[in-house]
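The values are calculated or read from the model by the stated rules, or taken from the named source; none is laboratory data. Because the structure is a prediction, the values reported are computed rather than measured. FYI the Cβ positions are ideal-geometry reconstructions off the backbone, even for glycines, and counts take in every protein chain you see. Accessible surface is based on the protein model in full, side chains and every heavy atom, while ligands, DNA and RNA are left aside. Shrake-Rupley method; radii C 1.70, N 1.55, O 1.52, S 1.80 Å.
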Amino acid sequence: LGPRWEFFQAIRDGRSSIITGQIDHFTKNGIQMKDGKHVEADLVMLATGMNLQSNFPFSTIKVSS
């Protein structure tokens, strides 16, 4: 399927996740969210206006906030 599908496969396998919310600041090991939650992260992708559609592949992604 190619490299672009590896992202979705990593989410389905539980090796990666999508977390939404407001970032307070970056830390040495991840990000501190404004709600007080700390998210450990190796890689952070920032996006605005991302619409999670109800069709594949987005229908298989669990989103945390």
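Looking at the stretch 19-36, which of the residues that are under 17 Å from residue 48 (Cβ atoms) and touching an Asp or Glu at 6+ places or on another chain (Cβ under 7 Å) is surrounded by the most Cβ atoms within 10 Å (Cβ to Cβ)? Among those residues, the one meeting the criterion is 33. Screening the stretch 5-18 for residues that are open to solvent by 60 Å² or more (accessible area, probe 1.4 Å) and closer than 16 Å to residue 40 by Cβ and picking the one that is nearest to the chain's Cα centre (by Cα) gives 17.
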